[in-house]
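Trainee: One structure, as structure tokens, below. Some questions next.
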Amino acid sequence: MTQRNTSFGRRRKAINVFAAALASVVACGGVVWAAQGLDRFLEGDPYPVADPAATAQRLDGHTQHVYDALRLFDAELADNWPGGGVEADGSGCYYRGFSNLSKQLSDSPPTVPGVVDVDSEWALEGVSPTQAKAALRRARGELGRQGWKVTSYEESKFRNELSMRAPGTNDTVTVEAYPSDRLMVRAYAECARYPSGTPMGAYGDPELPSQQAPLQLRR
């Protein structure tokens, strides 16, 4: 056998070994991927981990941005607004995945321990329907220029509402006008698992910082 043929044989053998090794890696990767996919199918996507206090502060900041964009500086804070305040609530955070299907279909589906959503809500009073429509248009334009994404917008005789997603997050802020001269602002963050060691309140819910926005109207 010539030196050239010997060299060629060695290269072909090396290629075959490399191909076999690559196939083995791909096969192993496929097994891992399949196992991960099966686990996700059975158990569902895991809830992200987030500090509720930090989330509440972030939402408070979102509503402050919205207040500034609305430019309703003559309106007053509705102190008796029933949904006002900041809250962490786990009642809407359910089990996921096929293995928990019976829980999901229950008349009273159980919630996942240690998982809560967070919302921050307040309202303005003294806002006429005409003022509310103009304010929603201003906020839509101003926040859109800042990178917020409109998820829904309705302007009609019966309903005036704007929902937007804050840039870089899945947080949603909704502004809705009511016929009673009230305009509600609510920020919401989806369910997340709070870290171990999170400070808890007297009723077993995570402790949250007090609401600050809108800063201009807080006494």
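Trainee: Taking the Cα centre of the stretch 154-204 as origin, work out the dipole magnitude from +1 charges on Lys and Arg Cβ and -1 charges on Asp and Glu Cβ, in debye rounded to 20. Before the final figure, lay out each step's value.
Mentor: On the way: 6 positive and 7 negative charges, 27 e Å.
Once rounded to the nearest 20, the dipole reads 120 debye.
Trainee: Another one. Using a 1.4 Å probe and counting only protein heavy atoms, arrange V150, V112 so the residue with the most accessible area comes first. If you can, show how the numbers build up before the last one.
Mentor: On the way: V150 55, V112 15 Å².
Per-residue accessible area, sorted high to low, gives V150, V112.
Trainee: So with the 1.4 Å probe, I'd like the accessible area per residue for the stretch 125-169, rounded to whole Å².
Mentor: On the way: 2650 Å² over 45 residues.
I get 59 Å² per residue for the stretch 125-169.
Trainee: Over the stretch 125-219, with every protein chain in place, what whole percent of the accessible area is carbon and sulfur at 1.4 Å, could you tell me? Intermediate values should be presented prior to the final figure.
Mentor: On the way: 2670 of 5590 Å².
Roughly 48 percent, rounded to a whole number.
Trainee: With a 1.4 Å probe and all protein chains in place, put C93, C191 in order of accessible area, largest first. Mind dumping the intermediate values first?
Mentor: On the way: C93 0, C191 20 Å².
Greatest to least solvent exposure: C191, C93.
The values are calculated or read from the model by the stated rules, or taken from the named source; none is laboratory data. Predicted model, so just to flag it, every value in this text is computed and none were measured. All Cβ positions, glycine included, derive from the backbone under ideal geometry; neighbour counts span all protein chains shown. Accessible surface areas use protein heavy atoms only, side chains included; no ligands, DNA or RNA. Shrake-Rupley method; radii C 1.70, N 1.55, O 1.52, S 1.80 Å.
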